[in-house]
Each structure stands twice: as C-alpha cells, then as structure tokens.
Amino acid sequence: MDKRPRKQAKTTTSTSSEEVSSIEWESTKMTDQEEDIINRMYRLVGDRWDLIAGRVPGRKPEEIERFWIMKHNKRS
C-alpha cells in the first residue's frame, strides 16, 4: 500500500457570483498527438500537470488538468 501523503485538492473562493459552466469546460480540444503525450506522461508522473504541460507545447497545466478530468471522470 502506498504510504505517501495524498495531495489536498486546491480550493479557491471567489467574491464574484460567476460560475464556470460545463459548456466552457467541454471546449478544451486536444489533438491525438497531445492526448498520447498526456496519457504517457500521466502514467509516468501522475497528476503533476505542470510537468505534463512542459511536454505539450502551448498548453497550460490548467488546460491539461481540465481535459483529463473531462475525459476520465465521465459519469454514467
């Protein structure tokens, strides 16, 4: 069993009443090559989005994390 401490999810509070719509989240499109790099890097380093983003030119860690969440957390 893995004894390493788990990372806490980052939470932010906003003073405005703006909400992020799921439509905005769905707009993250990746090429097949970018998806392949993301999948391979995720298997190597886990959810270290900053490291993965360093291998995907022009993408920010937040974009990659959003893409991963939308692709892999589908609810049935």
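The values are calculated or read from the model by the stated rules, or taken from the named source; none is laboratory data. The shown structure was predicted, so the numbers you read here are calculated from the model rather than taken from an experiment. Backbone-built Cβ (ideal geometry, glycine too); neighbour counts: all protein chains shown.
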Practice task
Would you confirm whether any residue within the range 34-46 is surrounded by 10 or more Cβ atoms within 10 Å (Cβ to Cβ), modelled with pLDDT of 95 or more and part of a loop (DSSP other than H, G, I, E, B)?
Solution key: yes
Problem - Residue under evaluation Glu18, criteria (1) among the acidic types (Asp, Glu); (2) assigned to a helix (DSSP H, G or I); (3) modelled with pLDDT under 85, criterion not met - result: (2)
Practice task
With the condition kept exactly as written, say whether any residue in the range 52-60 is at pLDDT below 55, surrounded by 10 or more Cβ atoms within 10 Å (Cβ to Cβ) and not in a loop (DSSP other than H, G, I, E, B).
Solution key: no
